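These notes concern the structure reproduced below.
The values are calculated or read from the model by the stated rules, or taken from the named source; none is laboratory data. The structure presented is a predicted model; accordingly, all values stated were derived computationally and were not measured. Using ideal geometry, Cβ is built from the backbone for each residue, glycine included, and neighbour counts are taken over all protein chains shown.
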């Protein structure tokens, strides 16, 4: 099992409408057949602990059966379309892959 966790920091001037569009783009990834589980989230505002980073805008967590499925996702047309349409909105991305 591979967990693919992506944190997005959207640009400060991103509008609510653009954020909603970005979220829809993240949701479109669920159409990729190799994804076992998909979760889209935002920081929990009520958590106030020094070790918890709440500076990101969106969190995306995907689970794949194996590294081969992860690799299919990386070049999948739906994933590429998401990046092409939405990379204009984010300033920073951090990715953690774990097995």
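Here are some notes:
- Pair list, Cβ under 6 Å, 6 or more apart: the stretch 77-99 residue on the phi > 0 side of the Ramachandran plot and modelled with pLDDT under 95, other residue in a strand (DSSP E or B) and surrounded by 14 or more Cβ atoms within 10 Å (Cβ to Cβ): none
- Scanning the stretch 64-78 for residues that are crowded, with 18+ Cβ neighbours inside 10 Å and assigned to a helix (DSSP H, G or I) yields 69, 70, 73.
- Filter result for residue 42 (modelled with pLDDT under 95 and in contact with a strand residue (DSSP E or B) (Cβ under 8 Å, 6 or more places away or on another chain)): no
- Cβ pairs under 7 Å, 6+ apart, first in the stretch 43-57 and closer than 14 Å to residue 92 by Cα, second outside any loop (DSSP other than H, G, I, E, B): 55/9; 56/7; 56/8; 56/9; 57/8; 57/9; 57/10
- Test: residue in the stretch 15-33 that is under 21 Å from residue 96 (Cβ atoms) and surrounded by fewer than 10 Cβ atoms within 10 Å (Cβ to Cβ): no
- Residue match in the stretch 87-94 (condition: under 13 Å from the mean Cα position of the chain (by Cα) and over 19 Å from residue 9 (Cα atoms)): no
- Candidate set: the stretch 13-42, residues that are part of a loop (DSSP other than H, G, I, E, B) and touching a residue at least 40 places away in the same chain (Cβ under 8 Å); chosen: the one farthest from residue 72 (Cα to Cα): 14
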